[in-house]
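Here the structure is laid out as structure tokens; the discussion comes afterwards.
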Amino acid sequence: RPGGDSVPFHVDLPSLLEAGPVPEVVLTEVVSGPGGDVVGSVRELTARVLGLVQGWLADDRCHGSRLVFVTTGAVVADDGEGPADLAAAAVWGLVRSAQSEDPGRFVLVDVDGELLDSVLAVVLASGEPQVAVRGGVVRVPRLAPLASGAGLVPPAGVPWRLGSRAKGSLDALDLLPFPEAAEVLGAGQVRVAVHAAGLNFRDLLDGLNALGWWQDKVGLMGGEAAGVVLEVGPGVDDLRQGDRVVGLVEGGFGPVLVTDAAAVAKIPDGTSFEQAATIPVVFLTAYYGLMDLAGLRSGESLLVHAGTGGVGMAAIQLAQRLGVEVFATASPAKWDVLRSLGIPDDHIASSRTLEFEERFRRVCGDRGIDVVLNSLTGDFIDASARLLRPGGRFIEIGKLDIREEEQFPGLVYRWFDVTHAGPERLREMLGELMELLAAGELRPLAVTAWDVRRGREAFRFMSQARHTGKIVLTMPRRWDPDGTVLITGGTGGLGAELARHLVAEHGVRHLLLASRRGLEAAGARELEQELAGQGARVTIVSCDVADRDQVAALLAEIGAEHPLTVVIHTAGVLDDGIVASLTPERLDVVLRPKVDAVWHLHELTADVDLAGFVVFSSLSGLLGGTGQGNYAAANAWLDALMAYRRGLGLPGLSLAWGLWEQATGMAGGMSRADVQRLA
């Protein structure tokens with residue numbers, strides 16, 4: 001409610017109408033309810049908004065007024081974002097259709113915090129029907145050339161890695177040949193197929209080294225990676241082909257690397273490659289700094305600067321496990337992250353001002369703080385040192401303002417890089433961390449994932465310090481021809497066409513086609529025979545993928561010999577009608593094969609190492625097709641879920657097609673008038 005108490009508030013549309021003339025602008029907040037029932041939340045929220053839209057359109061007293069729907073994190077408006085409210089994403093699709101049917105009546109605004117009066121005034125004056133507000137800046141959707149979002153292109157026919165052609169500019173980052181990845185293995189070495197690699201501040205400094213920030217960099221960018229062992233060299237007895245491993249490496253920003261077997265450890269079951277890639281550098285740094293150098297003990301106090309960064313979040317976990325009192329700083333926008341880690345408000349302060357010294361001194365009093373884990377510079381270092389008790393330990397992990405111990409009389413000052421621990425100690429600590437992770441005593445960090453081909457954007461995003469946890473670069477995945485590709489709606493017009501395409505163009509040899517009628521569907525047996533004649537093994541089964549139990553049973557039947565490697569969802573239903581004619585039941589009919597089915601597939605394959613997860617969406621979700629409010633809602637939700645998956649480091653691709661030329665499947669029942677209207 002911009003303006004606070006000065007702005008009238010009404011609990012629903014009837015109470016607004018009873019209060020007198022309808023204002024020119026009415027705001028309503030759209031937010032998912034509490035709880036983890038995503039599917040139920042989509043239904044409840046879209047049905048509620050549908051009722052509000054219909055009531056607004058039906059009452060003459062609302063004519064001439066605009067209804068503004070305010071969501072938070074329903075759309076992706078900036079690099080590195082992921083949708084925070086999936087159910088509200090479906091509402092955007094529904095309201096987009098209402099906007100196309102009744103222009104000027106509705107506005108969509110997505111915010112990243114409070115909607116200020118000044119920003120709202122800009123939004124309303126612009127006349128834009130859809131906007132996103134990020135950091136006080138109003139953004140609008142526009143069509144753009146595809147080339148503007150093109151990623152880096154790997155060199156053909158040779159191993160490669162992300163590196164820099166010239167220091168001083170992130171624009172010089174490129175995918176460079178990496179012949180070392182193909183060299184014959186020496187004693188004690190392993191070759192690893194990289195799935196994910198952690199991005200660290202040191203990598204960023206290397207990309208900008210011409211600025212003189214970091215003069216001691218050795219080796220290649222990409223110092224930690226997680227993947228699968230492809231080959232072991234002589235003398236390697238504790239690893240074998242197929243083992244999932246993570247560790248400290250060189251050249252981790254590419255699909256293949258060679259490293260010492262002693263530098264990696266096996267990844268615990270249930271931990272994804274993306275999660276594992278958040279562990280080595282930050283947890284080893286925090287572990288060595290706090291345990292080996294600081295000798296942190298139960299009952300002591302610790303100040304962690306940049307507590308929402310990678311090392312900071314790792315240090316907080318390790319300290320809390322010991323029973324240490326933790327103080328932490330972060331930018332105010334990230335304080336909720338610190339609260340979620342269990343740090344009380346009076347132990348939280350800003351990393352942008354020196355106010356933390358006075359704030360924390362009020363809590364710790366004369367006893368002071370035992371240990372500081374620092375990554376800040378300048379006056380922040382001196383203020384932190386003043387908080388330490390006599391004999392306190394100042395542990396410096398920063399690279400830009402390294403001091404001498406003589407500058408801190410009466411204190412212990414240690415600057416270190418994680419490599420100072422030495423190979424043997426690093427191996428020991430990495431093994432201990434993997435055990436703690438397997439036991440659930442440590443948790444991987446929050447992941448913001450970028451495809452390595454968007455490396456320049458990932459580096460820029462890191463340079464802006466907008467993330468929490470860890471940024472991870474993921475590698476392009478090849479679809480294993482020995483793996484199984486599941487196509488839902490696989491016997492329908494689109495599913496069958498896609499199955500033929502995968503066999504003929506991509507060499508897929510193991511297909512599982514699921515539909516509600518299975519082999520009883522029209523043309524199913526002929527399709528099976530056709531694909532078998534091309535050398536593919538095709539299994540057609542009956543499965544309602546909107547039924548979670550049926551999906552679980554379907555996935556359980558896929559054998560280990562040809563494991564599931566790709567999920568493609570093509571199923572869908574149309575029930576077109578203008579927004580005024582829709583009902584919650586008509587919403588449900590269209591949402592079920594999209595929202596329910598894909599959410600079940602998402603959840604039930606979360607621990608499966610998939611190379612692809614593809615959904616067939618629709619342009620209606622993006623543009624708000626007239627007469628397709630329910631379909632637009634379902635497909636806008638699919639688009640958001642794929643962005644959400646990518647943010648988790650999982651594969652996710654949404655193909656937002658228009659109407660297919662072939663009159664099959666959903667399009668098969670459309671009249672000539674329907675086709676002309678869509679055209």
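Here are the numbers for the structure shown:
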| read-out | value |
| --- | --- |
| Scope the stretch 563-594; condition touching a Ser or Thr at 6+ places or on another chain (Cβ under 8 Å) and surrounded by fewer than 18 Cβ atoms within 10 Å (Cβ to Cβ); matching residues | P563, I578 |
| Single residue of G625, G612 found to be touching a residue at least 60 places away in the same chain (Cβ under 8 Å) and within 25 Å of the chain's Cα centre (by Cα) | G612 |
| So L143, is it aliphatic (A, V, I, L, M), outside any helix (DSSP H, G or I) and under 24 Å from P651 (Cα atoms) | no |
| Filter result for the condition that a residue is out of contact with any Pro (no Cβ under 6 Å at 6 or more places or on another chain), at positive phi and modelled with pLDDT of 95 or more, over G295, G242 | G295 |
| Among (1) crowded, with 18+ Cβ neighbours inside 10 Å; (2) in a helix (DSSP H, G or I); (3) not aliphatic (A, V, I, L, M) - the single one G55 does not satisfy | (1) |
| Some residue of the stretch 105-121 being within 19 Å of P23 (Cα to Cα), under 23 Å from the mean Cα position of the chain (by Cα), of a type in the set (A, V, I, L, M, F, W, C) and part of a strand (DSSP E or B) | yes |
| Cβ pairs under 7 Å, 6+ apart, first in the stretch 489-502 and closer than 12 Å to E528 by Cα, second among the hydroxyl-bearing types (S, T, Y) and not in a helix (DSSP H, G or I) | G490/S515; T491/S515 |
| Any hit, the stretch 159-176, residues being open to solvent by less than 40 Å² (accessible area, probe 1.4 Å), of a type outside the set (A, V, I, L, M, F, W, C) and either touching a His at 6+ places or on another chain (Cβ under 8 Å) or modelled with pLDDT under 90 (or both) | yes |
| Any hit, the stretch 353-367, residues being farther than 19 Å from V326 by Cα, over 34 Å from the mean Cα position of the chain (by Cα), in contact (Cβ under 8 Å) with a residue 24 or more places away in the chain and open to solvent by 20 Å² or more (accessible area, probe 1.4 Å) | no |
| Sole exception among (1) open to solvent by 30 Å² or more (accessible area, probe 1.4 Å); (2) free of Cβ contacts under 8 Å to residues at least 40 places away in the same chain for D117, by number | (2) |
| Whichever residue in the stretch 393-411 is touching a helix residue (DSSP H, G or I) at 6+ places or on another chain (Cβ under 9 Å) and assigned to a loop (DSSP other than H, G, I, E, B) and, among such residues, is surrounded by the most Cβ atoms within 10 Å (Cβ to Cβ) | I397 |
| Cβ pairs under 7 Å, 6+ apart, first in the stretch 226-244 and within 15 Å of A276 (Cβ to Cβ) and basic (K, R), second open to solvent by less than 70 Å² (accessible area, probe 1.4 Å) and in a strand (DSSP E or B) | R244/V228 |
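The values are calculated or read from the model by the stated rules, or taken from the named source; none is laboratory data. Only a predicted model underlies this, so the values are computations on that prediction, with no experimental measurement involved. Heads up, the Cβs are rebuilt from the backbone with ideal geometry, glycines too, and the neighbour counts pull from every protein chain shown. Just so you know, the surface numbers come from the protein's heavy atoms only, side chains and all, with ligands and any DNA or RNA stripped out. Shrake-Rupley method; radii C 1.70, N 1.55, O 1.52, S 1.80 Å.
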